[in-house]
Structure formats: structure tokens, C-alpha cells
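The values are calculated or read from the model by the stated rules, or taken from the named source; none is laboratory data. For clarity, every value in this text was computed on a predicted model and none was experimentally measured. Here the Cβ positions follow ideal geometry from the backbone for every residue, glycine too, while neighbour counts run over all protein chains shown.
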Amino acid sequence: MQKFPCPFCGPRADREFRYGGDAGKLRPPRDCTDAEWARYRYQRANGKGVTHELWLHADGCGRWIEIERDTMTHEVFATRSLVP
Amino acid sequence: MSGPQRIDSSGAYGSGIDRAQRIDFSFDGEPMSGFAGDTVAAALLANGVRLIGRSFKYHRPRGIFTAGGEEPNAIVDLRHAQRHDPNARATLEPLQHGMTIRSTHARGTAQRDTFSFVDRFARFIPAGFYYKTFMWPRFRLYEGMIRALAGIGRVDASSRAPGSRQQFLNVDRCVIGGGPAGIAAALAAARAGKKVLLVDDHAQLGGSLRWRSARIDDLEGIGWSAARERDLRAAGVHIMTQTTAVGLYDHNAVVLLEKGLPPTKCANGECLWQVRAQDIVLASGAIERPLLFENNDKPGVMLADAVLRYLRIYAVRCGERVVVATSNDSAYGVAHELTAAGAQCVVVDMRGHSDLAATARAAGIDVRLGDSIDSALGRTQVEGARLKSGATLAADLIAVSGGWTPLIHLYCHARGKPRWDDRIAALVPGSDVPGLQVVGSAKGADTADDTPSASWGGAPDLWAASARRRVWVDLQHDVTTKDIELAVRENFASVEHLKRYTTLGMATDQGKTSNVNGLAILAAQTGRGIDAVGVTTFRPPFVPVSMATIAAKSLGELQSPVRRLAAENVHREEGAHFREYGDLLRPAWYGLDASAIARECGHARNGVAVFDASSLGKIEVIGPQAAALLDFIFYTRISTLAPGRLRYGLALAESGAIFDDGVVLRLAPEHFVVSCSSGHVAAMVAHLEEWRQDRFDLAHVFIHDASAHWATIAVSGPQSKHVVASLDPGAPLDDEQLPHMAARIGTFAGRPARIARVSFTGERCYEIAVPARLAADLWRKARAAGAEPIGVEALGVLRAEKGYIFVGQDTDSETMPHDIGVNGPRDKRRDAFVGDRSLFTPFASRTGRRQLVGIAASGNQPIPVGAHPVEQANDKLRSIGYVTSSCWSPALGRPVALGLVEDGRNRLGEELQFEYLGTRYSGTLVESCFLDPTGARLHA
């Protein structure tokens, strides 16, 4: 029942969004180690407190956005488009 | 007159009812009548019903106790039109014509409950009795019997609640509670230009002004609230009555439960609203607490405020000889009103002094100060009261007031931290919650300087409770003071343990009336202050909400709406048997039964068949970076494809597993069409879009899902070419210009048509895509030219004979491309594509991976899908894979199957044993293509 401000559509109910994992992860190149690839693929920070996350505005504009929010208080600090 | 307890229309009673509108209903089979505006509880009381049900555990007789959502006893089985609610709260249900009401939890009726003997064994079944008694050998053995004895309503499995609607609303301010405080808050915001929603769980606004005497702005309370309601409506405030706020959630979301009373359209009697507000004002008021004395659960014991409400709003006099027992000043008004209505009243005030005593005595009311009730007398209902002083009073009603508890449940939902206020012996709002304001008596104060008046009452009197007698704390779950003593004795002394051991406060009323009394007893038993005992957490919903209301429209067919083909009607004319494939409704075969499948296969192999392939994806990828995006998405390289040509490709997930397969058509250098699997279109679009936004320039590549715009008809078989020619497609069909895996743009009925040579049957095949509204015409024309229809099941056989896979059926979440024999890109590609690195992990490279193989069954019996090939390991059978597809091949005259088997490619030629639900089969592992391995038929 949270409210996320989509940078394209304005404030919207969370049921329109789909969670997409931690923001800021870079896809490692082919010659990375197994451990690096596993970290990219499978390891989640699951942070308590302030987190940066990717969300897809699936039932809205269809854009991927980054949301900075607090997983304890559910306060949303900032949202921005994934594409600059 | 409607019912013996109803006061006739002389006098100022019955402000909430319309005596002109009689409403007929029945209770336990007996016809009764009430008036429009009645709640079910009011109508039952008017008809003299005292005994409304039996208690949860001991089957004790119970009556209506309150007039609001905190009601613990009056839970009834209610049927009205199509609606059936086995646990309806009689105090909140608006009475409607033709309602059938039954008492719950009684074998027979509440009046003659054959289970009432249970109460005589009460001393043998205290709290925790199940945990101690029914453990050996298994609880399951006793469960059925216990469930029959305990519990409340029974669900009628045959009843089908019509799906109700769910509503959404955004407002500036949501005010919860339509009493004087709520009205003032709503009006102030509306006058400041805000969009305001005001909700109240009763039929009319006004709150306590509707039954308590008060003067505001020189107006009688009820007149003031009527005047302000006109102001509210004039100011554009959205007013919802008969609506309970059941929960507060993140970011000022409020969930409301609206009860269905015309003109609302709540199909099953309820409608759920989700409201988002800029700010919330909580004006939920306070509720009265019961008093603790022996047999305080008998029908005829009621909260004093409820007695007043039934009198003033519904003109129902709940008793003729009334003992009003109180710990505070608020009950004196009740005694005055009852006396004025002709009842004989005695006030028993536990305090030694009240400023109101003299006025009461002057009005002819017998006031006993410094005394309290020791025990309620009577068999199945109240016949009198014995006082602590020893005096006995005859009475048919005991109206009790043990003080007031602010309703702060919603404040707690919003993560407010309540604090204990010793002055009123109740929890009051402590910490501030941003965006939430608590006003009025919900705050725990009723004066300008926030000091509670003498109407609030203080700590509960535990005198009668300490005497080791049967004193009820939680009426709905039958928890007595003795149960709390027992729990403390067994060291369940924390408030959370106490709740779970005794079930105190766990019933559907969530302990609204029992909470403070329970805490006080626990505090006394453990020698602590009430503030030190702590409290359990209040969680939504505030009142019960039916599952059907929460599910709302997502019931039955609407749970997963079926998608349909554009030419569905034509298939119905053809006698198609339809089945759901994923969410798609498609023809499984044409004919009466599944014997049609083999016949249809014959048309495709020997003549010409037509198949509706419209559900295949048609995702257009357009732009200068389109080829680069598809190279990244597909395992198979796409950028080397020439315009006008098609390529079969696999797309992987980042885990390396096969995500989907499909055919990509390059229409022009910067224009591709991806035909993915029918059930995968939405997922494929999302997959493409995710990587497009992550890695590509949004101005240089664009994705458009045109799947629904195009219908595709596949004409397949050795004679397919002349059928397509007769469609006059306006494009060259000779094999030089249109070879296998090539496409041409033509026309059909003057509209553009794409003709592609691509085959999922292994035969020469033309897929013709036309604008969706031409689907039926194209189908009829192909049929007229001699093509025979085939359904999805025949296609499943034809492709299995060829070893063509269905992703998700012949592959699972671990299957990588090299497991199905597609090694090229893994060995050769150096550029990045989705899942690339995952193909080189130890997991991807290990031996013993399950690989796709064909399975030739020994004998004529197909091996069932799901059968496991097994091997003997340490005297045990071990599964080494499973059969993914299996059928009888009409073309080969023997069964064919596909499966995933550990190291299957190295086991080709081996005969394996297969196990399926205790039956053994045997079969030999072979190449997965059973028919025409060289592909000659594609060009025949």
C-alpha cells in the first residue's frame, strides 16, 4: 500500500510497480570469475534502512526507475529514471 | 409497533428509524418485523429476543451486549438474496427485507442448544486444556469433535458470493468518525478548499450526539449535527456512512469496508475501498468497558451506553427494571433517560461520591453509592443482581459502565506508540505520527486542557474477580478471570503469552471490550502496575472483512481472464473442441473426441492442413540498434540474417537456462519481427524492454508488441503450395524466390499480408499473417481450397515426431542450450549476450547434466509423460530424468517420446527402465528426431 513517485507519471500506488533488485549492479564481462558472476546473479544486499532499488513501472509508463527508500520506515527519498 | 420492546411513536425516541417502512425478517425460523433504519440487533431487541447465541466454548446463553463494532456476542448467520454471511455482526448489519437470521454455534437453536451440557463440565476444561489433554497419540484424532463443539458460524460450501466491487479514491483529508470532533475536522478542511472524505460506521452522522444529551453552539446536539451535515454537503464533503475504516497502511492509505445498503452497489453486502489521503484525522471516539462480577455474561447484561443507544435511536427499551452499575458519571444520563421512558432504575456506583447522585435521587432514581454488583442472578437470563453489600435487587436488565477506552487501533496500525494513562486506565496516543491527527475522545480527554472528566472512569474494580468465581473477561472466546489466574500460575505471565495461552483478545472482536480488564487482572496477579504489563499489538482489520470482499472481482472467470482468438467463431462452426492453453482458449481438435487427432495428423503429413497460429508472438523491434539488441537477447546470432529471411533462435535467461524460443524475421535492415511462443509474449516483451532500457539508446531502438494486431494461419503439408496459390497472395511462391525460412510481403483482400515459409510440423509450410479482422476470411478461403483444420493437440504430435521442443515442457529451469544439442554459439560467440557467462560455470560444464533425447518405447504402449527413467544405486532406485512429451505417432505407427535424461547424449542406444506411479515401462534412448531427420519433407 505504498506510494511511489514515478519520475514520468507522478505519485502512483505500489501495486503498479514490480521490484527488480538492487540498483547499481554492473553486469560483469565474460572473463569475470565465477565468484564475481555469482555475486552479480545471486547475491542480494537485502538492506535494512536506506536502500537503492530498481523498480519497473509495469502497469504505467513501462520504464525502469531507481528508488531510494528506507525499508524500515518505508519513507521514499528519491526516484529517478534509469536512463539519464 | 414493531416488537413488544418498541416504544410507540409518542416521545422523542427512534430518531434513526422510519416507522412508515416495515421490514419483515426471520430469526431462527420465527417471522419478525422491524423498521427501516434498524440494525439487525435493534430489530431483534425490539422483538424481545434476549438469547441470541451460545458461547464459543461453554455453550453458555448469550445476548446482545453492545451497539457497535466491538460486539462480542451477537454474531449471527445471515442470508439475504444471494448473500450468505455465517459470522455477521448483528450490531452493524442494516436490517433488510427478507433477511433470514439464525443463531450460530448452537446445536438446534440458541434457545434449546443440545450442547449446553458442556458448561457443567467447565471446571474440567480451563485454558490450555486442549494442549494438555488431546496430545496422545495425535491431536488429529480429536480435532473433528472439538471443532464441532467450538467455533462460531459455519460456511455453506454451496453458497457463491457474487464478486463485489473494489473502489479507489484519492482525497486531501480522510476523517474517520462522524461525531462532533470528526464533523468539525471535516468542515474546517472543506472550508479551506480541500477535498474531504468523512466516514462513519453508523447509518447517520453525529456519533454520540445522536443518543447523548449535549448542547453545542446553543443547539441541542442532534440538531447541531444535522445543521453541520448540511454544511458539510454544501462544502462538497464526500460522506460515507455504514462504512468502517478497517486499516491504516503505509503512506496514508486507508482501507474502508462499506456495508451494502441502497443506493450503494455492494454485490455481496460489502464493498472494499482503498483511499489515499494527504492527511488523516482519527475521530473514532471511545467505547465503554464492562464490569467484572460473577455471571456477567448472562443475557440481560449490556453496556449502559448501548442501552441508551437502542432507546434513543431505535426506540427500543431493553428492560423494565434496570440496575445501572457504574464506575463513572457517564451512566447517570442513561438512568435518567430510562426512567423518563418508564423503566424503574437503580444506580449502583462503586465510588463513594458522585456530583450527579443528588439530581438522580431527585428524579426518583435509587442511587447506591460505594456499592457494586457481586453477582448477576437468573438462569438463562438476568433476573436480578446481588450487591457487594449483600442487598439483592430484582432486575431484567443490568446496564454496566466500567469506564471508557479510546479507540486507537487505527493509530496503532499507523505505527503510533500508545502510552498508558492512569487517570482513565486506558491506552492513549503517545508518539506523533506524521500525517495523522487524533482528535476528540479517541485522544483520551474531553476538556480543553486535556484532563479527563469524571465521565471517563478509572481502573477496573477487581473485587468480585478475585473471589475465584466465574467472571467473564473475554465474552467471545469464553475467557474467565480463573483462566488468567491459571495462565499466570503456569508462568504464562507475559501479555503475549497470556493472549496465546488463554486466547484472550484473539476472537473476531479482537478484545475491544476485554483488553483493559484483562490487563488489569494480569497486573494484579503478577503484582505489577498495568503500565508495566505492556500491551499486545493491534493489527488490521479493525472489524472482520470477508475473503470474498477482499478477493472482489478476482473470482471465478475473472481470476485469470481467458484470451480468445480473433477467428474463434469460425472454429466453433467447424466443431472445434476448445481447451485452455495457458490463458489462451484454442481449438484442441475438430470433432467429437480425441480420435480426431490422428486423422488431423494424417492431413498434415499426406495432404494439406490449416492451423490457427494467431497466438504466436509478433513483437516488432525497430531502429538502428535493433540488430544489436536482438544479438544481445538471443543466443543465436540475429544480425547476420539477410532481409526477407527468417531464423530460429533460442533466448536465454541470465541464468543460462532457455527462456524462450522463436523465429525472428528480418523485414528490413532495421525492422525485425520476433515470433515467440504463444504463452510467452508478455514475458518476452518485458525481457526485451528491460535490456533495451539497461544497455541501449532509447532513441535508436523501439519495441512494439503487435501480436494482437495480426492473425496467423499456417497452411502445412505436401500440397500446401497450391492452397496458398489459390489465396492469390500477390507474392511469388516459387521455391527460388520463396525458399524455406524466407518471407515475402503480399496482399490479402487488399490488405498487407506476410507470407513466411517456416514449419513446426516438419512439412512444407506457409505461415500467412494478415490484419486480425481478416482471420476468419483467410481461414474460410484456405478451407475452400481444400485444407483440413488441425488443432493444438495434432500439432503437439507432429512436432514431437520431429523432436521440436516446447520451451517449458521439454526444457526446465536448468536446461541450457548445450543440453538440447545447440552448441554453436556457446563455442563460437565472443560478444556479450544474455546468459553468456552462466554457460561456463562449473554447474553448466559438469557431467551428468540432463540432456534432451528421444525415447523409443518397447512395445506399443506410450510411456506416460512424467515417468522417470531409473537406475539401481546402493539397492535403491534413483531417478535420472523424466519424460517430457509422449504420444502415439500415426505416421510411424509406434509411440514416440522426448525426455530429459542425465548424460542422455552419451546413453543413446541404451535401454532404460521407466517408473510411473508403480508401473514399469522400458524404452531405448534415441536421437530426438523420429521422422525425416534430413528435413527433405520441408522442401517436398
### Task
Inspect all residues belonging to the range B:644-653 and state whether any of them is at pLDDT 95 or above and assigned to a loop (DSSP other than H, G, I, E, B).
yes
## Note on the structure
(1) surrounded by 12 or more Cβ atoms within 10 Å (Cβ to Cβ); (2) over 28 Å from B:ALA832 (Cα atoms); (3) within 11 Å of chain B (Cβ to nearest Cβ) all hold for A:MET72 apart from (1)
### Message
Taking the conditions exactly as written (touching a residue at least 40 places away in the same chain (Cβ under 8 Å) and either surrounded by 21 or more Cβ atoms within 10 Å (Cβ to Cβ) or within 43 Å of the chain's Cα centre (by Cα) (or both)), does B:VAL792 satisfy them or not?
### Response
yes
### Query
Name the residues in the range A:75-84 that are among the polar types (S, T, N, Q) and within 12 Å of another protein chain (Cβ to nearest Cβ), would you?
A:SER81
### Matching option when the condition is more than 30 Å from B:HIS97 (Cα to Cα), at pLDDT 95 or above and more than 38 Å from the chain's Cα centre (by Cα), among B:VAL281, B:VAL323
B:VAL323
### Query
Which of the residues that make up the range B:703-737 are over 18 Å from B:PHE748 (Cα atoms) and buried (at least 16 other Cβ atoms within 10 Å of the Cβ)?
B:ILE703, B:ASP705, B:SER707, B:SER716, B:GLY717, B:GLN719
### Message
Just the residues that are surrounded by 21 or more Cβ atoms within 10 Å (Cβ to Cβ), within 14 Å of chain A (Cβ to nearest Cβ) and in contact with a strand residue (DSSP E or B) (Cβ under 7 Å, 6 or more places away or on another chain), please, taken from the range B:645-677.
### Response
B:LEU652
### Query
Out of (1) surrounded by fewer than 19 Cβ atoms within 10 Å (Cβ to Cβ); (2) hydrophobic (A, V, I, L, M, F, W, C); (3) touching a Phe, Trp or Tyr at 6+ places or on another chain (Cβ under 9 Å), the odd one out for B:ALA358 is which?
(3)
### Task
Filter the range B:841-868 down to residues that are within 14 Å of chain A (Cβ to nearest Cβ) and in contact (Cβ under 8 Å) with a residue 12 or more places away in the chain and give me whichever is surrounded by the most Cβ atoms within 10 Å (Cβ to Cβ).
B:ALA844
### Task
Scan the range A:26-54 residue by residue and report those that are within 10 Å of the chain's Cα centre (by Cα) and away from every other protein chain (no Cβ under 12 Å).
A:THR51, A:HIS52, A:GLU53
### Summary
The condition of being farther than 23 Å from B:CYS601 by Cβ and modelled with pLDDT of 95 or more holds, among B:ASP836, B:ASP810, only for B:ASP836
### Task
Take the range B:807-835 and flag every residue that is out of contact with any strand residue (DSSP E or B) (no Cβ under 6 Å at 6 or more places or on another chain), facing chain A (nearest Cβ under 10 Å) and touching a residue at least 40 places away in the same chain (Cβ under 8 Å).
B:ARG829, B:ASP831, B:ALA832, B:PHE833
### Task
At least 1 residues that are touching a strand residue (DSSP E or B) at 6+ places or on another chain (Cβ under 9 Å) and free of Cβ contacts under 8 Å to residues at least 60 places away in the same chain in each: list the strands (runs of 3 or more DSSP E) lying fully within the range B:549-628 that qualify.
B:576-581, B:584-590
### Message
I'd like to check something: does the range B:447-457 contain any residue that is assigned to a loop (DSSP other than H, G, I, E, B), within 38 Å of the chain's Cα centre (by Cα), buried (at least 16 other Cβ atoms within 10 Å of the Cβ) and of a type outside the set (S, T, N, Q)?
### Response
no
### Summary
Within the range B:237-251, of all residues that are surrounded by fewer than 19 Cβ atoms within 10 Å (Cβ to Cβ), within 14 Å of chain A (Cβ to nearest Cβ) and not charged (D, E, K, R), the one nearest to B:GLY416 (Cα to Cα) is B:TYR249
### Message
Can you tell me which residue is surrounded by the fewest Cβ atoms within 10 Å (Cβ to Cβ) among those in the range B:678-702 that are in a helix (DSSP H, G or I), at the interface with chain A (Cβ under 9 Å from one of its Cβ atoms) and free of Cβ contacts under 8 Å to residues at least 40 places away in the same chain?
### Response
B:ASP694
### Query
Out of (1) farther than 21 Å from B:GLY762 by Cα; (2) modelled with pLDDT of 95 or more; (3) not β-branched (Val, Ile, Thr), the odd one out for B:GLY859 is which?
(2)
### Message
Of the residues B:LEU427, B:LEU387, B:LEU397, only one is within 23 Å of B:GLY179 (Cα to Cα) and either crowded, with 18+ Cβ neighbours inside 10 Å or of a type in the set (Asp, Glu) (or both); which?
### Response
B:LEU427
### Task
Inspect the range B:417-429 for any residue being within 23 Å of B:ASP305 (Cα to Cα) and touching a Ser or Thr at 6+ places or on another chain (Cβ under 6 Å) and give the result as yes or no.
yes
### Task
Filter the range B:533-548 down to residues that are free of Cβ contacts under 8 Å to residues at least 60 places away in the same chain and either in contact with a Pro (Cβ under 9 Å, 6 or more places away or on another chain) or buried (at least 17 other Cβ atoms within 10 Å of the Cβ) (or both), then give me how many there are.
2
### Task
For the range B:284-293, state whether one or more residues are within 14 Å of chain A (Cβ to nearest Cβ), of a type in the set (Gly, Ala, Ser) and assigned to a strand (DSSP E or B).
no
### Number of the exception - B:ASP831 against (1) over 23 Å from B:ARG799 (Cα atoms); (2) more than 44 Å from the chain's Cα centre (by Cα); (3) part of a strand (DSSP E or B)
(3)
### Query
Quick one: which strands (runs of 3 or more DSSP E) sit completely within the range B:715-816 and have at least 3 residues that are touching a Ser or Thr at 6+ places or on another chain (Cβ under 8 Å) and under 17 Å from B:ALA609 (Cα atoms)?
B:765-771
### Task
Go through (1) modelled with pLDDT of 95 or more; (2) under 26 Å from A:ASP14 (Cα atoms); (3) not β-branched (Val, Ile, Thr) and name the single condition B:GLY236 misses.
(2)
### Task
Give the residue that is nearest to the other protein chains (Cβ to nearest Cβ), with candidates limited to residues of the range A:8-25 that are buried (at least 16 other Cβ atoms within 10 Å of the Cβ) and farther than 21 Å from B:ALA253 by Cα.
A:GLY20
### Query
For the range B:520-542, which residues satisfy the criterion of being of a type in the set (A, V, I, L, M, F, W, C), modelled with pLDDT of 90 or more and under 26 Å from B:ALA414 (Cβ atoms)?
B:PHE542
